[in-house]
Amino acid sequence: MKKCVPVLKLDIDCKTHSELRKTTLLKSELPRGFIKEGKRINRIAYIRRLWHEAKKAKCGHIGLHQDLDHQKAEKVYQDIHEDFNSILPSSIKRIAIVPKEMTESWLLSDENAFPAIPKEPRLPAKPEELWGQKNNPQSDHPYNYFVRVLTQFNLPDNHDTYTQIAEKTDIEILKRCCPKSFCLFHSDMQTFIPKEGAP
């Protein structure tokens, strides 16, 4: 997000799904006829919690990340915006962050973001086209492929590694390698954060 609008200094507060599940909503934020949620909550519930956290932080911007996971990109993108519109007031800026197929696909775009040029395996020419069985570590599932790239450099599969690679990734290379989903996200970011900046 920061690299998409480099002229601004952005403060970004990220919440994982597990963190959001622990968020306690106010009664006024719950829909009529609300039924207590189980362990698995839906996208609407996550958006409610994001809005709750944004209000606490006096922030007027909300972003929701969802991996595509081999679903139809246009439908997932539109469904997220429909859910946004069903809950959020028009004053809240919103953005759907929908990598094709997964965040790991975006992280597999720039070989220079790694400690050395990956060789076994090399980075794919079209990371967005990777797919395979999730339960097969040798498959081309983006997560499995990414882990195999990390293994070359004895890098752990954790948040810090993801952050370091993202920070080193050249935005132009990423746009070129992931044109279907990252270019849309990059374009959306230009209107999500106005030029003068906003909390």
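Computed from the coordinates by the stated procedures, all read-outs in this text should not be read as laboratory data. Computed from a prediction, not measured in an experiment: that's the story for all the values here. Don't worry about glycine lacking a Cβ; one is built from the backbone with ideal geometry, like all the others, and counts go over all protein chains shown.
The figures follow:
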item: Charge dipole of the chain about the Cα centre (unit charges at C-beta), most positive-ward option of GLY60, CYS4, PRO127; result: GLY60
item: Electrostatic dipole magnitude of the chain [Cβ: Lys, Arg +1; Asp, Glu -1; Cα centre; debye, to 20]; result: 820 debye
item: Built amide H within the under 5 Å cut-off of ILE95, gap 5+; result: ILE62, GLY63, LEU64
item: HIS61, HIS17 arranged by Cβ crowding within 10 Å, fewest neighbours leading; result: HIS17, HIS61
item: Extension reserve of the SER91-LYS168 stretch, reckoned as 0.36 nm per residue once the Cα distance is removed; result: 24.4 nm
item: Chymotrypsin sites (Phe, Trp or Tyr not before Pro), loop per DSSP, at most 13 other Cβ atoms within 10 Å - longest free stretch of the chain; result: 35-152
item: Spin-label zone in the stretch 79-120 - amide nitrogen under 18 Å from a point set 7 Å from the Cα of HIS70 along the C-beta vector; result: 99-106
item: Three-way shape call for the stretch 105-155 based on the alpha-carbon gyration tensor, with the a/c threshold at 1.5; result: oblate
item: Burial ranking of peptide ranges 90-96, 113-119 (average Cβ count within 10 Å, highest at the top); result: 90-96, 113-119
item: Projected label distance in nm at ILE44 and GLN78, using a 7 Å step from Cα toward the beta-carbon; result: 1.9 nm
item: Directionally averaged projected area (convex hull, Cα atoms, the chain), nm²; result: 12.2 nm²
item: Only Lys, Arg (+1) and Asp, Glu (-1) charged, at Cβ; the stretch 103-167 dipole about Cα centre in debye; result: 220 debye
